[in-house]
Structure formats: C-alpha cells, structure tokens
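Colleague: After the structure tokens below, expect a handful of questions from me.
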Amino acid sequence: MPFTITFVTNADKVVSVADKANLLRTSIREKGGIPFKCGAGICGTCKCKIEKGLENTDAIKDRERNHLSEADFAAGHRMACQTFVHGDIAVSWIPLALRPTATARTSGSGPASAPPSQ
C-alpha cells in the first residue's frame, strides 16, 4: 500500500512511496534533502528527527546506537541511512551549515584538551 514521506526541512516536500523503503535512499532519489556522507551508518551525518509516524519505522539498529543516545531515540531521532519506513512519516533535520562543528562540541575536558604527556 502506498504511503508518503514529508521532508519538513525541505519546504514540506511530500513524496509517495510504493513499498517499504530506506529513508536516506528515498531522500536521495526524490531530492528530499537529508544530509549524508557515508550512507552506511558510520559517520552520523544523516541524523534526523521523525516528527510524525515514528511507529512507521523499523527497529533501531546497532549502528545508530554508536551515534545516538537513548534520549535521542526517545525524542524521535534516527539515522536516515539505517531507517526503513513502511507508512506515512514526516522527517526534519538540522541543515549541515547550522550544525555545530566537531571542535565546538568538545567540552574542554578529557583527552582532547589534556596537555601532552612527557
């Protein structure tokens, strides 16, 4: 049975999908706009939020657990490359230009800020 994916961050673009589909592949094919780099669950770039229809996604994968916390999952966040959709959803994301850089995410503690060992 056909269903729709609404790409909220891309001016609420709506696409029709005929069957169970990978969210990132659908975004690429239909120009939905979800950012990505690796497409394999390694980089975490395709983090998105299922705004509506979370129940129409498949189970969370181990690769997603490498990038997202339980709080992220509870808030509806998923990695588009690892998520298969089988019913209507609406998805949003933070555009890459608005995301904090890796250095901005460093808290100032731990090995990244420790002085070099001698």
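Colleague: From the list Lys13, Lys37, Lys49, exactly one residue is in contact with a Cys (Cβ under 8 Å, 6 or more places away or on another chain) and without any contact (Cβ under 8 Å) to a residue 60 or more places away in the chain. Which is it?
Modeller: Working: Lys13 fails: in contact with a Cys (Cβ under 8 Å, 6 or more places away or on another chain); Lys49 fails: in contact with a Cys (Cβ under 8 Å, 6 or more places away or on another chain).
Testing whether each residue is in contact with a Cys (Cβ under 8 Å, 6 or more places away or on another chain) and without any contact (Cβ under 8 Å) to a residue 60 or more places away in the chain leaves just Lys37.
Colleague: Free of Cβ contacts under 8 Å to residues at least 40 places away in the same chain and among the aromatic types (Phe, Trp, Tyr): does that describe Phe84?
Modeller: On the way: free of Cβ contacts under 8 Å to residues at least 40 places away in the same chain: no; among the aromatic types (Phe, Trp, Tyr): yes.
Considered against the rule, which asks whether it is free of Cβ contacts under 8 Å to residues at least 40 places away in the same chain and among the aromatic types (Phe, Trp, Tyr), Phe84 comes out as no.
Colleague: Of all the residues that make up segment 16-56, how many are surrounded by fewer than 17 Cβ atoms within 10 Å (Cβ to Cβ) and part of a strand (DSSP E or B)?
Modeller: So the count comes out to 3.
Any read-out appearing in this document is the output of simple, stated calculations on the displayed coordinates, not a laboratory observation. These numbers come from a predicted model, not from an experiment. Virtual Cβ from ideal backbone geometry, glycine too; neighbours counted across all protein chains shown.
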